[in-house]
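Following: one structure in structure tokens, then a few remarks.
The values are calculated or read from the model by the stated rules, or taken from the named source; none is laboratory data. Worth saying up front: this structure is predicted, and the values here are computed from it rather than measured. When we count neighbours, we look across all protein chains shown, and the Cβ atoms used for this are built from the backbone with ideal geometry, even at glycine. Accessible surface areas use protein heavy atoms only, side chains included; no ligands, DNA or RNA. Shrake-Rupley method; radii C 1.70, N 1.55, O 1.52, S 1.80 Å.
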Amino acid sequence: MLRRQFIGNSLAMLIAQAFGRSVFAASNTLKVIVFPGAQNLSMWVALEKGFFQSKGLDVQLTYTMNSIELRDGLSEGKFDIAHSAVDNSVAIVDYKEKESVILMGGDSSLNELFVQPELNSLQDIRGKILVVDAPNTAYALQVKKALALAGVSETEYKLNPVGRTALRLEAMKQSKDNAAAPLNPPFSIQAKQAGLKSLGKLVDFVGPYQGQGMFAMRPWIADHQSVIERYIAAWILAVRWALDPKNKDEAISILTKNMKLDPVIVQESYQALVTPGFGLDKDAQFSQKGFDNLLSIRTQFGKGRPLEEKKLVDLSYYERALKSL
């Protein structure tokens, strides 16, 4: 009887331990969605160099086709974390009326405005087609602002929303009717090789801009505070590693492995990423000036509802993660 009870208790303990391990594993497995592109260097470094693993995290990565898929996937719980233009987080709050929260910065957007080779100025886009991801968020609004500052109103051009950057480049290559599009590396470099023309960096046209960053839904954040801090700490370590000139050759190797493109394109992408004020921000810092400009642009062109800024951003997890390093 005692032996049977001992076996029963031991079996129960083994089941509990196994269940505990499975719960722990599940709680440390993160489903992350991003856009394809060189801006993912920090993500690829964190995976390749074991920064996530060192924090006990298993990151499962998905590449999105467009911002609508990303916003829907995050807000519906298919993904835990998104890295993309943080304006998408604001759009979830604005259009879906769900609580998405920006937790960390990333970059300026790395966008240049490309046009067909016969065009020479922003004014030349008047009466033509602007190719964008989605018409009411992020980089489409950034271009609208640049055009407005050049005296070109929204009624003077048409939008062609085709999706992510690769599709915007392809649309421009396939038809000269598609006159302009915002592009970032490596697609901006491929555009130059294809004979398309850059009119310049969008941040030079519109000023500081909080481009890519990390965001998640508030209910998920509340249940995963330790996980978030460990994730951000791993990300900061990856950014530091990626921006260290000593790691240039290996960083380019990681880009090459993940982008699978011509070495010239990869090297130029790397150079854009390490350009101060344009590429990856030090320690993935959040730009308040850039975010203020983003909200101003949304107010002017997004036609959304008034939002309470303090509910859109929570940097407390970032600050604790940074102090832990």
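Among G106, G279, G195, the residue with the largest mean-square fluctuation in a Gaussian network model of the chain, with springs joining Cα atoms closer than 10 Å, is G195. Only Cα sites of segment 167-325 enter the Debye sum here, all with the same form factor; the resulting log10 I(q)/I(0) across q = 0.09, 0.12, 0.15, 0.20 1/Å is -0.40, -0.71, -1.06, -1.35, listed in q order.
At 1.4 Å probe radius, can you tell me the per residue accessible area of the chain in Å²?
Values: 14690 Å² over 325 residues.
Accessible area per residue, the chain: 45 Å².
Across all Cα pairs in segment 187-231, the calculated P(r) in 10 Å bins from zero up to the longest distance comes to 20, 26, 21, 22, 11 percent per bin.
Qualifying trypsin sites (Lys or Arg not before Pro) in segment 47-152, where qualification requires a DSSP coil assignment and no more than 10 other C-beta atoms within 10 Å, are lacking entirely. For segment 236-282, the share of alpha carbon pairs falling in successive 5 Å distance bins from zero is 5, 24, 32, 26, 12, 2 percent. Collect residues whose amide H, placed 1.01 Å from N in the peptide plane, falls under 5 Å from the amide H of M104; neighbours closer than 5 in sequence don't count. It is M214, by chain and number.
Across the chain, C-alpha contacts under 8 Å between residues 6 or more apart give a mean separation that, scaled by the residue count, equals a relative contact order of 27 percent. For E112, neighbours were defined as the other residues whose beta-carbon sits under 14 Å from its Cβ, and their charges (Lys and Arg +1, Asp and Glu -1) total +1. Remark: segment 21-150 is approximated by an ellipsoid whose semi-axes, taken from the C-alpha gyration tensor as √(5λ), come to 34, 18, 11 Å, largest first.
What net charge is computed for the residues neighbouring A242, neighbours being all others with C-beta under 13 Å from the C-beta of A242, Lys and Arg scored +1, Asp and Glu -1?
Overall, the nearby charge balance is -2.
For segment 155-169, putting each phi into the Karplus relation 6.51 cos²θ - 1.76 cosθ + 1.60 with θ = phi - 60° gives couplings of 7, 9, 8, 10, 9, 10, x, 10, x, 4, 4, 4, 6, 5, 4 Hz, in residue order, rounded to whole numbers and with x for Gly and Pro. Here the label points at L261 and L61, each 7 Å from Cα along the C-beta direction, are separated by 1.5 nm in the simple model.
Note on segment 85-130: the C-alpha convex hull projects to 5.0 nm² when averaged across all orientations. What does the helix-only formula give at 222 nm for the chain: each DSSP H stretch with n ≥ 4 adding -39500 (n - 2.57), the total divided by the residues, and the result rounded to the nearest 500 deg cm²/dmol? For the chain, the value works out to -14000 deg cm²/dmol.
Quickly rank 280-286, 319-325 as a protection proxy: mean count of other C-beta atoms within 10 Å, highest first.
280-286, 319-325
Identify, among S296, V86, I33, the residue whose Cα sits farthest towards the positive end of the charge dipole of the chain, taking +1 on the Cβ of Lys and Arg and -1 on the Cβ of Asp and Glu, with the dipole about the Cα centre. In the chain, that residue is I33. With Cβ to Cβ distances under 11 Å as the rule, what net charge do the other residues near Q212 carry (K, R +1; D, E -1)? Within the 11 Å Cβ shell, the charges total -3.
Scaled against the 2.2 N^0.38 Å expected of a compact globular protein of N residues, the Cα radius of gyration of segment 128-195 reads 1.05. When Rg and the Kirkwood Rh are both derived from Cα coordinates, the Rg/Rh ratio for segment 231-325 amounts to 1.07. In the chain, the longest principal axis of the Cα atoms and the axis of helix 2-27 are about 10 degrees apart.
Springs join every pair of Cα atoms under 10 Å in this Gaussian network model of the chain, and among A194, A234, A179 the largest mean-square fluctuation is at A194. For the chain, modelled as a Gaussian network with Cα springs under 10 Å, which listed residue fluctuates most, N120, N136, N40? It is N120. The DSSP beta bridges internal to the chain are antiparallel in roughly 50% of cases.
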